[in-house]
Structure formats: structure tokens, C-alpha cells
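Here is the structure we will look at, set down as C-alpha cells.
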Amino acid sequence: MAGIVGYGAFIPRNRIKTEVIAHQWGKDPAVIRRGLLLEEKSVPGLDEDTITISVEAGRAALERAGIDPRLVGALYIGSESHPYAVKPSGTVVAEALGIGPEVHVADFEFACKAGTEAMFVALSVVESGRAPYAMGIGADTSQGAPNDALEFSASAGGAAYLFGAKHLLAEVVETYSYTSDTPDFWRREGEFYPRHGGRFTGEPAYFRHVTAATRAILERTGLSARDFRYAVFHMPNGKFPLSVGRELGFTKAQLETGWVVSTMGNTYSGSSPTGLAAILDVAASGDLILITSFGSGAGSDAFVLKATELLPERRGRAPTVRSMLDGRRRYLTYGEYAKYREKILLNE
Amino acid sequence: MREVAIVAAGMTPFGELWQRSLRDLFVDAALETLRHARADHLDAIYVGNMSGGQFVGQEHLGPLMADHLGMAGVPATRVESACASGGAALRAAFLEVASGMSDLVLASGVEKMNDGADVTGVLASAADQESEVYHGVTFPGLYALIARAHMAAHGTTEADLAAVSVKNHRHGARNPKAQFRHEVTTEQVMASSLVADPLRLLHCSPVSDGAAAVLLCPLTRAKEFTDRPVRIRASGMATSSMALADRRDPAFLDAVSVAGGRAYAMAGLAPTDIDVAEVHDCFAIAELCVLEALCFTERGRSGEATRAGETALGGRIPVNTSGGLKSKGHPVGATGIAQVIEIFEQLRGEAGERQVRDAAVGLTQNMGGSGASAVVHILERV
Amino acid sequence: MPSPRYWREIPARYRLEAGRCGGCGKVVFPTRPVCPGCRGEGLEPVTLSRRGRVVTSTVIHVAPTEFQMEAPYPMAVVETPEGARLMVQIADCEADAVQPGMEVTLEFRRLRKEGKSGILCYGHKGVPIG
């Protein structure tokens with residue numbers, strides 16, 4: 001049996017409040033906050049990107065695992081904002097973490113589920129016996145188009161998961177992936193901002209795949225919603241994960257620990273992985289945890305995990321998600337936000 | 001080693017000289033020098049220049065300048081030590097004459113900074129590329145770090161820094177070749193914009209074009225060229241760690257102290273024997289640190305001494321009567337030579353309104369980067 | 001930034017690999033063939049802790065072209081527990097809050113972009129603790 005031997009997250013310290021963005025575009029902040037259940041989101045600095053976030057999350061995961069990085073035989077980074085179009089993020093992250101050169105590295109893309117994808121493949125490498133340890137990271141610094149609904153949610157952050165076969169912090173009980181070709185959200189090569197199908201991103205995309213993957217994994221494991229202590233779903237905004245959770249039979253108590261979106265925003269490939277990290281920060285030995293991601297295009301990866309008694313012992317070695325959400329942070333004006341997100345035209 | 005004299009000098013005004021190119025500037029200064037000496041040939045030329053390559057895309061300045069002076073064929077080479085290039089060029093010329101190798105050697109310096117280069121970026125190449133510039137520090141930033149360290153260790157204040165600028169502008173107002181010929185007040189200095197905290201615009205030497213040259217010959221032949229030669233009594237040079245982080249004490253300029261010590265020893269003189277000095281005030285804090293490194297004041301007391309007027313004209317040890325780099329200007333490679341010219345004129349009694357009475361022995365101190373190289377010369381009236 | 005130059009510096013920039021002199025014990029960062037303290041050769045590899053203490057600092061207002069968008073930013077000389085000193089920017093901090101003695105962690109950051117089409121250059125910045 002393989003599982004998580006280390007985990008870590010990183011959230012940049014800059015923030016922008018929903019009302020600041022709303023005022024910029026003449027929208028009513030109260031309406032936005034109610035409709036999206038978003039208070040504020042994280043903003044990457046000019047010196048932060050998917051690679052830097054992955055390195056810090058990866059460092060935390062290695063701290064918690066306490067292993068020699070040279071034993072990591074595979075490293076996968078899932079993102080839709082890899083800093084290079086051609087040249088892997090994974091090689092920079094591997095060198096920074098002290099992993100390699102005997103390592104398989106690949107970058108993944110699948111909109112918001114590239115993180116759980118990286119985790120799935122890393123888990124598989126360990127389960128197959130090809131490497132004793134493998135790491136999957138989901139991180140993003142995605143762009144939201146100005147004066148678009150996604151500008152309120154697109155944020156920056158990531159989480160890293162180290163998989164191994166012994167000294168598990170959480171066992172992976174089962175996985176399930178559900179995929180179809182559904183063009184709900186996309187970005188063409190060379191375009192700066194993504195585009196989306198408005199309300200089409202809801203029912204036929206997010207809800208269909210999250211629901212299908214979750215129902216299938218419950219059936220496969222013979223478990224029902226009330227067997228779980230915690231559940232976390234991809235969080236494109238505050239509303240969707242609570243909606244789908246309710247529909248699938250989960251209570252607010254089960255959902256609230258992983259529901260980090262209202263003060264973090266949607267960190268895309270980092271979204272449900274960071275929610276999962278927030279859960280692992282507090283879960284007790286024996287707790288069952290469900291995570292179902294969603295990536296536009298579209299697909300969902302579901303995992304059922306079980307916390308072990310090693311988890312409470314090890315998690316103190318690196319910062320918690322709550323400490324990053326509630327700790328030292330800086331609020332930006334819209335102008336500063338536009339500058340950091342490079343939305344301002346400059347001469348080359 | 002033979003005794004070496006300086007027998008003539010020439011320099012362009014310093015400033016934004018749009019009409020003059022790098023080679024024009026050199027020729028202007030060199031011709032003025034040769035005319036004053038009534039010399040018709042040279043045995044060698046040294047050109048101090050920090051970065052013709054980065055500023056105007058021109059390397060290989062030795063033959064270029066010799067050629068444009070109409071002296072193609074003469075041995076000529078560029079000498080580089082960042083902002084100490086001029087002083088280093090003088091030292092090289094001095095050694096060539098002192099060794100007996102050549103008799104008439106031109107020691108010059110020139111820089112063309114205003115032709116559109118990224119000046120901040122070029123000046124930063126005097127710092128450590130890998131451990132300093134890569135991280136975003138600038139040249140003023142390095143001196144700002146030195147200033148903060150000096151303020152923390154010795155209680156130096158921003159008013160002390162301002163006093164240096166005010167004094168040097170007062171001197172420079174009397175220098176017809178200076179870039180800025182107006183005085184500034186303490187209030188103006190303290191209100192100028194921040195460049196790198198605590199250094200403000202008026203604590204920083206400007207970006208300048210200019211050239212300067214001096215003619216050296218054996219002392220025994222000096223009277224052929226002038227009836228008032230000045231003898232180079234000593235030359236001292238030293239280097240220190242390139243990166244500021246590697247210095248023992250960021251608030252103390254090791255290289256200046258060692259170079260000064262070597263010069264004093266070679267001359268058989270003490271700091272109190274110096275009547276007038278030109279020091280490298282690339283930033284106001286630099287002058288304060290140099291005063292201490294050369295033992296003109298005690299460690300930590302340079303700010304106080306400056307505010308008390310000890311280093312002004314009429315004070316105990318007049319420093320930077322030319323206006324210093326701040327007011328006179330700082331075309332990087334030319335500065336070291338321009339400092340020598342000021343002392344040359346002081347020792348000949350030709351400094352006009354800037355004259356220090358009875359100046360018999362003078363000192364020049366030129367340094368590169370954040371103090372990684374330093375050159376000190378001691379000159380005396382013959 | 002030419003690629004070979006950037007690539008050679010990776011062990012120092014990414015992993016803070018330094019050298020400890022077997023002769024005088026001095027920790028040199030980045031490592032070098034010759035110890036600046038005693039001219040000894042063959043320094044032993046040592047990796048610096050990702051934390052340190054500010055020795056002196058400034059705030060850069062007039063920045064080089066590549067850093068103009070980030071100005072004003074603090075820069076500091078930071079000393080690690082191993083006794084190595086390095087120069088880094090301080091990030092996620094009010095510019096005037098940097099003081100000598102302040103404890104920082106060294107966090108991985110993107111230091112520069114070579115324009116629109118050049119390589120991305122990574123390294124560390126100091127971030128105040130707490």
C-alpha cells in the first residue's frame with residue numbers, strides 16, 4: 001500500500017480584497033461576495049511563479065517526510081501557468097530541492113486538475129515499484145481577465161505531495177478519474193487570458209465530472225458520505241464546492257476545513273491539493289478523507305485517503321495552511337495588483 | 001627607481017558634453033597638456049577608462065587614442081580599475097618613468113557616460129556580478145549599505161552626509177571646470193529624492209563626460225617643460241574583497257587604509273604632513289569613510305569633523321577643494337587624473353580662489369567599486 | 001544572462017551550496033577554489049541553512065532596468081548560522097522595517113526575467129520571520 005509520506009503548501013503573502021476589484025469595475029462588492037462567497041484572494045509578487053511556489057511547497061513536503069531528496073525517483077509539476085512554454089518547471093524544482101539527477105521529471109497540464117494528476121502519476125510510480133518515492137505538485141499563478149468574473153477568484157498558490165510505501169502519513173485507499181472532452185474553459189497559445197463558456201462551466205462541466213468521479217469512488221470503496229471525516233472539492237469559487245458537496249451528501253462540518261477558497265481564491269492546480277493540506281494539518285489518525293478535483297476540458301480525479309497515527313507527529317515540521325492564510329499578509333490596491341500581475345502595457 | 005615629476009596638465013570641463021565623443025574628449029585633454037608643456041612627442045600613453053565598451057561599444061582605447069592624437073606608433077594601453085582607473089593609470093605611468101623605461105609618459109583618463117547607455121547597469125559592473133548585481137543591488141545601493149553600517153556603528157547622521165555635499169559644492173563653485181558651479185544648502189540636500197536609503201540624489205556624484213591628462217617625466221628633465229614641477233613622492237595601491245558581504249567591517253574601507261599606509265610609508269610621511277587632499281567622494285559617505293581610513297580623522301569622527309569645517313578650505317585639512325566628485329563631476333576613468341591635477345595646481349599656487357595657502361604636500365585617493373581597489377598618491381612641491 | 005553562466009551558478013543560487021575551508025574553518029559563499037582567509041585549497045562542500053540575520057541593509061529606489069518594476073526594494077547583507085554572508089533582497093516586508101539583527105528565512109524566488117524571451121533566473125530572497 002502506498003500513500004502520502006510528506007506534504008506541504010505555499011501561499012504568497014500578498015492579497016487583494018473582492019471589494020477593491022469590484023470598485024475598479026463599478027460592480028457592487030456585496031453582490032459579488034454573496035454570489036461567489038469570496039472575500040479576498042492571494043496575489044503572487046513579481047518574483048513569484050509556479051516554480052517558486054512549487055519549491056517552497058516541495059521543501060515543506062520533504063521536511064515532513066524527513067527523507068534524503070536523492071531518493072525521490074519522480075517529480076511531476078501540474079500547472080496551467082508554467083513559467084516557460086517550452087522548458088519544464090520540474091527541472092528547476094528538482095535542482096532546487098536537491099532531487100536528481102536520477103529522476104523522472106515531467107510537467108503536466110489539465111487546467112485546474114493538473115495538480116491531482118501529478119499526484120496520481122507520482123502515486124502510480126511508487127505503487128508500481130519503479131521508485132521508492134515520487135512527488136506530485138499542483139501550483140498556479142493564473143490570470144483572470146480584467147472586468148471578468150474570474151478576476152475575483154484567479155489566485156496563486158500550490159501544494160506538494162510526496163508518495164512512498166512506508167512511514168505513511170495518509171494511506172491512499174482508492175483513486176478514480178473521470179474524463180470527457182468538454183470545452184468549458186480554455187486558452188489558446190499566445191493568448192494572455194483564458195476564455196470560458198460562462199454558465200456552461202457549471203452543470204455540464206464542474207458538476208457533472210465532480211459528481212461522477214465522487215459517486216464512482218464511493219461505489220468502488222463501498223463507502224458513503226457519512227463515513228468520511230473530511231471532504232474537499234475543487235474550489236473555482238466559494239459556492240460550487242459547497243453546492244456539489246451538499247448534493248453528494250456531505251455536511252458543512254465535513255467541508256469547512258478544506259474550504260480555503262474564500263480567503264485564498266482559486267489557485268487552480270493548487271486548489272483542492274491545498275484544501276487537502278489544510279485537512280492533513282488537523283486530521284486525526286484513522287480519519288477518512290475524500291478529495292475530488294476538477295480540471296476544465298474536462299475531468300476529475302478523486303482520492304480516498306486515510307490518516308495514520310504518524311500524521312500528527314510529523315505535520316508540525318512545516319507551516320500549516322491556516323498559518324499562511326491567517327498570518328502576515330499585505331493588501332494591495334488595484335494598481336499594485338495590476339502591476340504584479342503584469343496587466344499594464346510596457347515597452348519591451 | 002628614478003624620481004618622477006608631473007610637468008603639465010590638461011582637462012576638459014566635466015559635464016554633459018553632447019558635442020564631444022569619447023575620442024574627442026581624450027584629444028582635448030591631451031592636446032591641452034602637450035601645449036602647456038610645449039612637448040612634441042610622447043614615449044608612452046596610459047588611458048584610464050572604466051568601460052568604453054559598455055558605454056559606447058569601444059574597447060582597445062590605447063591605439064585608438066594614440067591614433068587620434070596623431071601619435072599612432074606610440075606604445076599605449078588602457079588601464080582599468082573601475083572608478084580607480086585614473087589613479088591606476090597614473091601609477092602605471094609613474095612606474096614606467098621611475099623604472100627608466102620611458103621619459104615622457106602621458107597619464108590620462110576619460111569617460112563618455114551620456115551617449116545613451118544604461119548607466120546604472122554599467123556602473124554596477126564594478127560590483128560582484130554573481131553575488132551582488134545578480135540580486136539587484138546597485139552601485140549607490142552598496143554605498144547605502146556602507147552608510148547604514150557606519151551610522152549604526154558610529155552614530156553618523158544624514159546631516160553629516162549633507163555636510164559633505166554642501167562643502168564640496170561650495171568649493172566647486174570656484175572651479176571653472178566643475179560640472180556644477182552652484183552651492184547647495186543642507187535643506188536642499190536632505191529634501192532631494194532617495195536613490196538608495198539613506199543616500200539621496202544630492203549625496204551622489206553625477207553622471208559626467210570628461211577627460212584629464214598629466215605629463216610625467218624624470219625629475220632631472222622637469223625644467224625643460226616647466227619651472228614649477230611637482231614630484232610624485234609616493235604611490236600606494238591595495239585591493240580588498242570584491243563583495244561587500246565579504247568585508248570584515250562594511251563601514252571601514254580596508255583597501256584605502258592599506259593603500260594609504262603604503263603611500264605614507266613610501267613617502268616617509270604621516271597624515272598630519274598632508275596640506276591638501278583630493279578624495280573619492282563618489283557618495284557623501286565615501287568621503288567620510290576615506291577620511292577615517294587615511295587617518296585624517298579618528299574612526300567614527302569624520303562626520304563631526306566635516307560639520308566642524310575641519311575639511312573645508314581654511315580648515316585643518318582641506319579636502320576636495322576642486323569640488324570633489326560631487327560638484328566637479330565624475331567621468332569615471334578621468335576622475336583619478338583630475339584629482340591629481342587639482343593637487344598639481346594647489347602645489348604650484350595656481351588654484352586661484354580655491355588656493356590652500358602654502359600647500360607643499362598633497363594627497364590623492366582614488367577607489368574602485370565599493371572600495372575593492374584603492375590608489376593613493378602623495379605629491380610635493382619641488 | 002547567457003545560459004552557461006546562469007547554469008554554472010545553480011548549486012549556489014538554488015541550493016545555497018557553500019564551501020568550508022579545512023584549514024581555517026571559514027565558510028565561503030559561493031564556494032571558491034582558494035580560501036580568501038588563508039589561501040587554502042580544496043574547500044569542503046557545505047549547504048547553508050535557509051535562514052540568517054540582517055547585518056546591514058538599504059532600500060534601492062533607483063534600480064537597474066531589470067528591477068525597475070520592483071523598486072523600491074530592500075537589500076541586505078545577511079549572515080547565516082554557518083557564518084557565511086550573502087547579499088539578498090528582502091521580500092514581503094515594508095521597506096523601512098528592515099533592521100540590523102532582523103531574522104529572515106531564505107525563500108526561493110524568481111530574481112529576474114531576461115525580457116520577454118530570455119531565460120528566467122532564480123535564487124533566494126530574505127523574508128522576515130513572524
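Within segment C:93-106, none of the residues are small (Gly, Ala, Ser), farther than 14 Å from B:Val137 by Cα, out of contact with any helix residue (DSSP H, G or I) (no Cβ under 7 Å at 6 or more places or on another chain) and in contact (Cβ under 8 Å) with a residue 60 or more places away in the chain.
The sole residue among B:Arg170, B:Arg181, B:Arg174, B:Arg78 that is farther than 18 Å from B:Ser322 by Cα, among the basic types (Lys, Arg) and either away from chain C (no Cβ under 14 Å) or over 17 Å from the mean Cα position of the chain (by Cα) (or both) is B:Arg78. Restricting attention to segment A:15-55, and to residues there that are surrounded by fewer than 22 Cβ atoms within 10 Å (Cβ to Cβ) and within 13 Å of another protein chain (Cβ to nearest Cβ), which single residue is nearest to C:Arg110 (Cα to Cα)? It comes out as A:Leu46. Just one residue in the set A:Thr320, A:Thr333 is farther than 25 Å from A:Asp184 by Cα, surrounded by fewer than 18 Cβ atoms within 10 Å (Cβ to Cβ) and among the β-branched types (Val, Ile, Thr); that residue is A:Thr333. If the condition is being open to solvent by 40 Å² or more (accessible area, probe 1.4 Å), more than 9 Å from every other protein chain (Cβ to nearest Cβ) and on the phi < 0 side of the Ramachandran plot, then segment B:112-154 contributes B:Asp115, B:Ser125, B:Met151, B:Ala153, B:His154.
Matching residues to (1) within 30 Å of C:Cys35 (Cβ to Cβ); (2) more than 12 Å from chain B (Cβ to nearest Cβ); (3) touching a strand residue (DSSP E or B) at 6+ places or on another chain (Cβ under 7 Å); (4) charged (D, E, K, R):
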{"residue": "C:Tyr73", "(1), (2), (3), (4)": "no, no, yes, no"}
{"residue": "C:Ala84", "(1), (2), (3), (4)": "yes, no, yes, no"}
{"residue": "C:Ile90", "(1), (2), (3), (4)": "yes, no, yes, no"}
{"residue": "C:Pro100", "(1), (2), (3), (4)": "yes, no, yes, no"}
{"residue": "C:Arg109", "(1), (2), (3), (4)": "yes, no, yes, yes"}
{"residue": "C:Cys121", "(1), (2), (3), (4)": "yes, no, yes, no"}
{"residue": "C:His124", "(1), (2), (3), (4)": "yes, no, yes, no"}
{"residue": "C:Ile129", "(1), (2), (3), (4)": "no, yes, yes, no"}
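When residues in segment B:88-135 are screened for being of a type outside the set (Gly, Ala, Ser) and part of a strand (DSSP E or B), 4 of them pass. When every residue of segment B:301-313 is checked against the conditions, none turns out to be of a type in the set (Val, Ile, Thr), in contact (Cβ under 8 Å) with a residue 60 or more places away in the chain and under 17 Å from B:Asn366 (Cβ atoms).
Look at (1) assigned to a loop (DSSP other than H, G, I, E, B); (2) within 30 Å of B:Arg23 (Cβ to Cβ) and you find that B:Pro140 fails only one, number (1).
The set of residues in segment B:217-262 that are in a loop (DSSP other than H, G, I, E, B), over 17 Å from B:Glu287 (Cα atoms) and within 11 Å of chain C (Cβ to nearest Cβ) comprises B:Ser240, B:Ser241, B:Met242, B:Ala243, B:Arg247, B:Arg248.
Each row is one residue, and each column tells you yes or no for (1) under 29 Å from B:Gln129 (Cα atoms); (2) among the hydroxyl-bearing types (Ser, Thr, Tyr); (3) in contact with a Leu (Cβ under 7 Å, 6 or more places away or on another chain).
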| site | (1), (2), (3) |
| --- | --- |
| B:Gly236 | yes, no, no |
| B:Ala243 | yes, no, no |
| B:Ala255 | yes, no, no |
| B:Val258 | yes, no, no |
| B:Asp275 | no, no, no |
| B:Asp281 | yes, no, yes |
| B:Leu288 | yes, no, no |
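One residue stands out among those in segment C:84-110 that are more than 22 Å from A:Ile11 (Cβ to Cβ) and in a strand (DSSP E or B): the one that is most open to solvent (accessible area, probe 1.4 Å), which is C:Arg85. Between C:Thr56, C:Thr47, C:Thr31, the distinction of being of a type in the set (Ser, Thr, Tyr) and without any contact (Cβ under 8 Å) to a residue 24 or more places away in the chain belongs to C:Thr31 only.
Within segment B:256-265, being open to solvent by 10 Å² or more (accessible area, probe 1.4 Å) and touching a residue at least 60 places away in the same chain (Cβ under 8 Å) holds for B:Val258, B:Arg262, B:Tyr264. Checked against the criterion of being more than 19 Å from B:Arg148 (Cβ to Cβ), more than 12 Å from chain B (Cβ to nearest Cβ), buried (at least 22 other Cβ atoms within 10 Å of the Cβ) and of a type outside the set (Asp, Glu), the candidates C:Cys21, C:Cys38 yield just one match: C:Cys21. All but one of (1) open to solvent by 10 Å² or more (accessible area, probe 1.4 Å); (2) within 22 Å of A:Asn14 (Cβ to Cβ); (3) of a type in the set (Gly, Ala, Ser) hold for C:Ser3; which doesn't? Condition not satisfied by C:Ser3: (2).
The values are calculated or read from the model by the stated rules, or taken from the named source; none is laboratory data. Source: prediction; values computed, not measured. Glycine gets a Cβ as well: all are built from the backbone with ideal geometry, and neighbour counts include every protein chain shown. These area figures cover heavy atoms from the full protein model, side chains too; ligands, DNA and RNA do not enter into them. Shrake-Rupley method; radii C 1.70, N 1.55, O 1.52, S 1.80 Å.
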